[in-house]
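Presented below is the structure to which this report refers.
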Amino acid sequence: MSGASSESGMSKRPGPSVQEILNTDTRPVGAALRENHNDPLGDEDLDRTRYFSPDFYRLEADRMWTRTWQMACRVEQIPNVGDHVLYEVADKSLIVIRSTPTEIKAFFNVCLHRGRILRETGGHVSNLRCKFHGFTWRLDGRLSVIPPRRDFPQIDEQRFCLPEAKVGTWGGFVFINMDSDAMPLEEYLGNIPAHFKPWDFENRYIAGHVGKVIDANWKVALEAFLETWHVLATHPQVLPFVGDANSQYDVSKDQPYTSRLIIPMGVASPFVANSTSEQEIFEGMKVQLGRNDELKLPPGKTARQYSAELMRERMSLYTNGRDFSAASDSEMLDALVYFVFPNFIIGAATRTCCIASGPGATTPSKA
């Protein structure tokens, strides 16, 4: 955890804290990374049935996935009117579509006539037509075609519109919420929009998209990315250059839908710090930097400081000369992991990985 709490009686973590590590950075560290909130939320065991009970799974499907904001896609995936993707979670399927040049809608992916799905894949369409009987809706959800119309005198075309979910956008991401009474996305995200202002996510793009089906409860898959306790046993090879037990966890009662994890890089784990030299730390960081040469750590510099310099050079090369000279060492190296309940994990600063997990097909992306 990020430090001792008088309420919990826990002892302080071994080694320097994240904030103490940031004090040694060669550039000023922004206010967002200087925040440190760890409100005591209790340490009672969770009921293990939450991870395997069919009844609890159904409760999640009925009461949680239908009432939370979830990242569905990136804006650049649907740039033109008629472009759309499918967002599927649990037993729900939605068509996330650009309905006008300035508006994105999310329709429940079901025909109102006989319940067949309207779209089997994403792509581009000029309307939403059911393949079963030909009922057709415009891109704004209004009914346009009933074949043959005379057989359905009871249908009020003004009211026979496709049901919608709420849509919100932030940072180039498109979010949906199936609850018509849901709070605004901006309120749900808490301090994330303010924290991310320096990192310009609106102008980022998907560089790779990987999806994997895991034979496990969705929470098991997701929670592995929200803690560093597993590093000692699962990834012991990174201990010489990852401060696993030094990580900072930020949780706040005032922002119940978001949290943050900061994993310091370029410093040795407290488990091996006493037996690891700065050069050995740097050797591990070279792998992260894509270097396989005989480069040595210059005198008077720590492995963290020099690795940040090399990362600035590398990122400038990869971004056609963009200037990273003012970016802090933390922004260049550390894993800055933000979580939006229930299933969206986004990495901040220069190195970005976004993960979405759920009981069904979701849209993980890497920007």
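The values are calculated or read from the model by the stated rules, or taken from the named source; none is laboratory data. Note that the structure is a prediction, hence the values are computed from the model and not measured. Glycine gets a Cβ as well: all are built from the backbone with ideal geometry, and neighbour counts include every protein chain shown.
For segment 315-360, the set of residues classified as assigned to a helix (DSSP H, G or I), at pLDDT below 95 and either touching a helix residue (DSSP H, G or I) at 6+ places or on another chain (Cβ under 9 Å) or not assigned by TED's automatic domain parsing to the domain that holds GLU223 (or both) consists of MET315 only.
Candidates LYS219, LYS212, LYS253: the one that is free of Cβ contacts under 8 Å to residues at least 40 places away in the same chain, assigned by TED's automatic domain parsing to the domain that holds ILE281 and not aromatic (Phe, Trp, Tyr) is LYS212.
Whether a residue is surrounded by fewer than 18 Cβ atoms within 10 Å (Cβ to Cβ), in contact (Cβ under 8 Å) with a residue 24 or more places away in the chain, among the aromatic types (Phe, Trp, Tyr) and not assigned by TED's automatic domain parsing to the domain that holds ASN109 was assessed, and TYR205 passes this test. A single entry from ALA4, ALA31 fulfils the requirement of being over 25 Å from GLY300 (Cα atoms) and modelled with pLDDT of 90 or more: ALA31.
Scanning segment 174-184 for residues that are of a type outside the set (Gly, Ala, Ser) and surrounded by fewer than 20 Cβ atoms within 10 Å (Cβ to Cβ) yields ASP179, ASP181, MET183, PRO184. ARG119 meets each of the listed conditions (1) charged (D, E, K, R); (2) in a strand (DSSP E or B); (3) buried (at least 20 other Cβ atoms within 10 Å of the Cβ) apart from (2).
Quick grid of which residues meet (1) more than 26 Å from HIS37 (Cα to Cα); (2) in the same structural domain as VAL29 (by TED's automatic domain parsing); (3) assigned to a loop (DSSP other than H, G, I, E, B); (4) not hydrophobic (A, V, I, L, M, F, W, C):
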| site | (1), (2), (3), (4) |
| --- | --- |
| ILE262 | no, yes, no, no |
| GLY284 | yes, yes, no, yes |
| GLY290 | yes, yes, yes, yes |
| PRO298 | yes, yes, yes, yes |
| GLU309 | yes, yes, no, yes |
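Listed by first and then second residue, the pairs linking a residue in segment 58-83 that is within 11 Å of ILE176 (Cβ to Cβ) to a residue that is small (Gly, Ala, Ser) and surrounded by 15 or more Cβ atoms within 10 Å (Cβ to Cβ), with Cβ atoms under 6 Å apart and 6 or more places separating them unless they lie on different chains, are TRP65/ALA90; MET71/ALA356. Looking at LEU289, LEU297, just one residue is surrounded by 11 or more Cβ atoms within 10 Å (Cβ to Cβ), under 21 Å from GLY243 (Cα atoms), modelled with pLDDT of 95 or more and among the hydrophobic types (A, V, I, L, M, F, W, C), and that residue is LEU297. Does segment 89-110 hold any residues that are aromatic (Phe, Trp, Tyr) and farther than 20 Å from THR136 by Cα, and which are they? Once the filter is applied, which keeps residues that are aromatic (Phe, Trp, Tyr) and farther than 20 Å from THR136 by Cα, segment 89-110 yields nothing. The condition of being of a type outside the set (Phe, Trp, Tyr), closer than 21 Å to ALA356 by Cβ and modelled with pLDDT of 95 or more holds for only one of HIS124, HIS84, that being HIS84.
If you check GLU157 against the conditions, is it surrounded by fewer than 18 Cβ atoms within 10 Å (Cβ to Cβ), over 20 Å from GLN70 (Cβ atoms) and not aromatic (Phe, Trp, Tyr)? The answer is yes for GLU157. Determine whether segment 335-343 contains at least one residue that is farther than 26 Å from PHE173 by Cβ and touching a Lys or Arg at 6+ places or on another chain (Cβ under 9 Å). The answer is no; no qualifying residue exists.
For the residues PHE196, PHE132, PHE175, PHE107, the requirement of being modelled with pLDDT of 95 or more, assigned to a helix (DSSP H, G or I) and aromatic (Phe, Trp, Tyr) singles out PHE196.
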